[in-house]
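Written below as structure tokens is the structure these notes are about.
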Amino acid sequence: MTTTPTPTTRVARAIYRALLRVSPQALRGSYRADMIATFDELSADAARRGAVAVLALLAREVLDLTAARALWRDVGHLGPWRQAARSLARRPGFALAAVITLSLGVAMTTALFSVVDLVLIRPLPYPDAGRLVAVWEASPSTQQNTSLIAPVRLEEWNRMSQAFDGLAGTYTENVTDTSGTEPERLSGRRVTPRYFAVYGMPPLIGRTFTADEERYGGPGAVVISEGLWTRRFGRDPRALGRALRFGGVDFVIVGVVPAAFSTSSIDVWLPAQFAPGILLGREDRFLNGVGRLKPGVTPAQGAADLAGVEQQLARQFPKTDAGWAATVRDLKDVRVGDFRRALWLVFAAVLLLWLISVANVAGLVLVQVHRRARELAIRAALGASRPRIVAGVLREGSLMALAGGALGAALAAWFVRLIPQFFGTLPRITEIVLDRRALGFSAAASLVAALFFSLWPAIVATRGSLAASVHGGGRGTAGGRHRLQRTLVVAQVALSVLLAGSAALLIRSYYRLSHVDPGFDPSGVVTFHVGARWDEDRTRVGQLQEQLVAALEALPHVTSAGLTNFLPATGATLRFQVSVAGLHGTEANGAMPVGWRTIDFDYLRTLRVPLVAGEWCPAMGPDGNAPIRVMVNQRFVQLYGQGQNLIGRELRFAQGANQPNTIVGVVGDVAEDGPGAPPMPYLYACLPAGAWPDPEYVARTSDPRAFAADLRRIVRELDAARAVFGVRPLDSVVDAALDQPRLNAEVLGLFAASAALLAAVGLYGLFMLLVGESTREIAVRFALGAERGQIVGLVAAGAGRLLAIGLGLGVAMTLAGGQFLRALLFDVSPIDLPAIVTAVLGLAVVAAGAIAIPALRATKVAPVAAIRTE
Amino acid sequence: MPLPPPPRRLDEMLPLSPHQFHILLALMDRDLHGYGIILDVAARTGGALRLGTGTLYTAIARLVELGLIADTGRADDRRRYYRLTPAGRVVLRAETVRLETLVQHAHARGLRPTVRLPGRARS
């Protein structure tokens with residue numbers, strides 16, 4: 001009989017296979033396949049009863065395999081370890097709870113630490129990566145601290161700087177490869193000389209570019225990624241020497257770089273091959289800079305060195321270079337950037353959860369030890385020495401710890417495989433592996449905690465007058481005892497409130513953020529790209545753009561279509577300084593900083609951005625001499641307009657001798673810099689078609705599916721060699737800007753729920769114990785005529801006091817911790833009453849549920865029990 | 001870690017552990033694979049004894065080594081089937097006699113089970 005594996009049984013089997021490692025090696029050697037086959041049948045049975053049954057089966061197997069180890073050692077003889085295993089097996093609920101709690105704590109801490117280590121701590125995967133820096137031009141006076149770099153300046157820096165082994169630059173150029181049967185869009189980078197040398201990572205096979213290939217007019221060469229090599233060539237080394245075809249020109253593949261070389265999914269690298277003209281443009285800044293510092297040089301020293309170089313250049317080129325310096329930052333810091341805070345947040349949450357889980361295991365063990373106090377005392381009275389009793393309890397503790405550690409390691413390995421699905425946007429996430437140090441640490445820490453908490457009460461229970469314990473059993477009242485356990489429960493509740501409160505804050509912040517009016521209507525709008533290169537004939541590209549937009553607008557299901565250089569909320573913006581005669585900007589020199597977008601006639605209308613004053617962009621022919629028409633947003637008018645009418649005014653760029661621009665209209669503010677970001681002054685330049693060869697196209701359609709098919713047909717008819725790519729709803733673009741806040745809220749919410757659950761288990765355990773111990777007291781009260789309600793009240797009051805202390809502490813911690821969240825919050829104060837109330841109420845409800853069972857059990861106590869418990 | 005050397009004499013093999021006893025019982029009438037043994041034992045004990053894979057195969061390994069059960073050589077779905085060897089049958093019978101003797105000694109001293117059976121009220 002063979003059973004078809006389901007996802008659940010497949011996961012269960014993977015965990016079981018990992019668990020088999022704890023079984024005796026000789027057993028594994030002969031019976032591994034049989035054991036797995038048998039387990040498969042058991043898990044298929046369990047899966048039919050649900051996932052909980054599978055989890056229970058796994059936990060049972062953990063204990064069983066651990067016990068088998070002891071069995072194997074002394075077959076037929078009931079050794080101390082087997083005794084311990086039996087003792088645990090007699091209390092399966094406790095053993096399962098402890099093992100599962102321990103293993104979850106170990107697994108989550110390990111998996112998350114692996115992420116934090118990979119992204120925040122481990123150096124980038126390049127040789128001597130500590131010397132790699134990101135480099136920008138900087139103009140402190142105009143507050144442009146991270147400007148892109150002009151190619152000519154990069155060359156001069158390389159020549160004149162003393163602090164760098166080398167500096168290189170790169171810019172994005174996506175290409176369409178027509179060497180295969182279908183045109184394929186590839187994501188590409190153009191790179192300057194020294195680019196690969198700066199990173200210092202050798203290619204997987206082949207070589208990087210030669211000086212001849214880097215020179216203007218040199219032969220076409222391309223370095224491809226390991227991903228493309230695998231996808232297109234099946235990792236065949238003969239791919240070297242074959243050619244890709246971009247824009248009708250062959251580029252010979254000279255090398256393949258390993259996947260770890262780049263963070264994003266870049267397919268190809270091409271030499272920039274700058275024309276001599278470009279190397280004259282001192283203000284054409286478009287390169288992303290990267291540099292390798294000389295050994296022992298800090299980024300700050302590198303920046304100072306480049307500033308010195310700039311001062312020399314400023315004497316030579318005062319008009320263009322005066323006031324410019326450089327910014328140099330550690331490359332790793334730059335790449336990790338935005339994720340740092342969120343990751344630490346998640347990690348802090350995991351640590352809290354881990355603390356709670358350890359506290360919980362401690363609580364469980366304590367309940368057990370208290371319950372067994374009499375048993376232990378009797379054993380002591382019967383002659384068992386104290387060390388022997390303590391050793392027995394310790395053995396049980398280590399068995400649980402071993403089982404929990406083994407299951408935890410197996411779960412951690414599985415979590416690590418799941419993580420890229422949840423944290424796909426993190427840099428380097430594909431490199432993730434299970435961090436053995438983290439596993440070792442968290443497992444060891446959990447074991448120590450479990451052992452400590454088994455040892456300590458065992459010592460206390462056997463200390464002093466053992467006879468008193470025997471006689472005193474069952475006589476204790478609910479007050480005054482179990483101080484450690486009460487403390488643990490209070491701590492659990494408090495930490496859970498902290499997690500729940502923080503989660504509530506982030507969820508509210510995310511909600512606010514996702515309900516901000518973006519200033520445009522993304523629903524029903526589709527966006528896409530059509531492959532085009534920057535060095536193509538602009539007239540030809542322009543014709544294509546015009547024909548495409550016209551053909552799309554002729555479709556019955558399309559209302560309008562247009563194009564822009566960058567979509568809103570995608571993080572891409574060019575910033576300039578402009579001036580309008582008669583008006584004074586916010587800068588000292590009177591200039592006005594603005595964000596800049598290129599648009600065509602119908603772009604803003606397609607997005608349904610409201611026209612506030614003036615008129616829309618005119619339809620533009622390829623007429624380079626007329627003044628460029630621009631539109632400005634409302635923020636521009638508020639900030640710079642000084643109440644004057646701006647329509648028809650002339651506007652000039654502060655840098656370069658650009659032709660005048662005429663303001664023709666004012667539109668509403670669009671969330672160009674992302675939802676939640678305060679609106680900035682923006683300039684929309686109405687440029688002739690082809691001015692931006694690879695724009696973002698948008699189209700408002702009532703039938704997105706038909707649109708995609710029609711679009712491909714139209715592009716094929718216009719130019720069969722062009723690839724259509726990145727077709728997606730504009731909604732998803734806007735949503736992507738909220739990925740991070742959504743992730744923060746979801747992850748913390750998940751942790752808060754787990755924490756609340758663990759705290760509830762802790763409360764439940766404690767009060768079951770207290771009720772059990774107070775059976776006599778409760779029975780006496782019943783015998784004296786107490787009502788059920790009074791008994792419930794008695795138990796609830798005891799629980800309520802602990803709960804209140806825990807909640808109070810938790811609120812205080814949340815208020816203090818909120819300050820750390822401030823930077824992640826949008827439109828929500830760190831001291832947000834609804835969020836805190838929600839967290840407290842949620843936790844109180846869960847805790848009430850946990851207390852209800854012991855409270856009800858107390859009412860079932862029969863008065864006669866007062867005699868029986870003796 | 002190696003198993004202790006197998007005993008040479010029959011009575012050195014006694015007593016059997018309850019797990020071993022149940023496994024031999026399960027194999028009395030038919031050959032079974034591991035999962036079959038688990039089901040058989042669980043059914044016979046009313047679910048009270050559910051063998052885990054670790055304890056099951058530790059006991060099987062021991063019984064194979066003692067020569068009380070043997071691999072049938074038949075395998076479908078990767079799983080080996082086990083059968084009771086003649087020696088196993090002898091040991092099973094000897095263990096049953098041993099247990100029976102023990103029970104008779106207890107009865108002779110007047111010890112009877114006092115466990116209430118379901119459905120029967122205690123007088």
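The table that follows gives values for the structure above.
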item	result
Count of segment A:579-613 residues which are at positive phi and at pLDDT 90 or above	1
Residue within segment A:63-73 that is away from chain B (no Cβ under 11 Å) and farther than 23 Å from A:L102 by Cα present	no
In segment A:19-30, the residues that are within 7 Å of chain B (Cβ to nearest Cβ) and in contact (Cβ under 8 Å) with a residue 24 or more places away in the chain	A:S23, A:P24, A:A26, A:L27
Residue tally, condition over 21 Å from B:I60 (Cα atoms) and not β-branched (V, I, T), over segment A:7-57	17
Per-region count, segment A:701-721, residues buried (at least 21 other Cβ atoms within 10 Å of the Cβ) and under 13 Å from A:P556 (Cβ atoms)	2
Breaking point among (1) over 29 Å from the mean Cα position of the chain (by Cα); (2) assigned to a strand (DSSP E or B), for A:R235	(2)
Unique residue being surrounded by 21 or more Cβ atoms within 10 Å (Cβ to Cβ) and in contact (Cβ under 8 Å) with a residue 12 or more places away in the chain when the list is A:V297, A:V256	A:V256
Residue count, segment A:4-27 (criterion: small (G, A, S) and in contact with a helix residue (DSSP H, G or I) (Cβ under 6 Å, 6 or more places away or on another chain))	3
Looking only at segment A:78-131, and only at residues there that are among the hydroxyl-bearing types (S, T, Y) and under 23 Å from A:Q421 (Cβ atoms), the one that is modelled with the lowest pLDDT	A:T109
Residue check for A:Y16: within 23 Å of A:M400 (Cα to Cα), at pLDDT 80 or above and either within 12 Å of chain B (Cβ to nearest Cβ) or surrounded by 14 or more Cβ atoms within 10 Å (Cβ to Cβ) (or both)	yes
Answer residue from segment A:312-371, given it is in contact with an Asp or Glu (Cβ under 7 Å, 6 or more places away or on another chain) and small (G, A, S) and is nearest to A:F441 (Cα to Cα) among those	A:A326
Residue match in segment A:514-521 (condition: outside any loop (DSSP other than H, G, I, E, B) and buried (at least 18 other Cβ atoms within 10 Å of the Cβ))	no
Residues that are under 16 Å from A:L104 (Cα atoms) and within 7 Å of chain B (Cβ to nearest Cβ), drawn from segment A:31-62	A:R60
Residue list for segment A:380-435, filter: at pLDDT 80 or above and touching a Lys or Arg at 6+ places or on another chain (Cβ under 8 Å)	A:A406
Helices (runs of 4 or more DSSP H) within segment B:17-115 that include 2 or more residues hydrophobic (A, V, I, L, M, F, W, C) and within 14 Å of chain A (Cβ to nearest Cβ)	B:18-26, B:34-44, B:53-66
Matching entry among A:V346, A:V334 (being within 17 Å of A:I149 (Cα to Cα) and β-branched (V, I, T))	A:V334
Residue identified as modelled with pLDDT of 85 or more and out of contact with any strand residue (DSSP E or B) (no Cβ under 8 Å at 6 or more places or on another chain) among A:G571, A:G542	A:G542
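Let's see how each residue does on (1) within 23 Å of the chain's Cα centre (by Cα); (2) surrounded by fewer than 20 Cβ atoms within 10 Å (Cβ to Cβ); (3) closer than 20 Å to A:V490 by Cα:
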{"residue": "A:A812", "(1), (2), (3)": "no, yes, yes"}
{"residue": "A:V828", "(1), (2), (3)": "yes, no, no"}
{"residue": "A:A839", "(1), (2), (3)": "no, no, yes"}
{"residue": "A:V845", "(1), (2), (3)": "no, yes, yes"}
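Table: residues versus (1) part of a helix (DSSP H, G or I); (2) within 14 Å of A:A699 (Cβ to Cβ); (3) modelled with pLDDT of 85 or more.
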| residue | (1), (2), (3) |
| --- | --- |
| A:R512 | yes, no, no |
| A:V526 | no, yes, yes |
| A:R533 | no, no, no |
| A:E536 | no, no, no |
| A:V549 | yes, yes, yes |
| A:G562 | no, yes, yes |
| A:Q577 | no, no, no |
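The values are calculated or read from the model by the stated rules, or taken from the named source; none is laboratory data. Keep in mind that what you see is a predicted model, and the values were worked out from it rather than measured. Glycine gets a Cβ as well: all are built from the backbone with ideal geometry, and neighbour counts include every protein chain shown.
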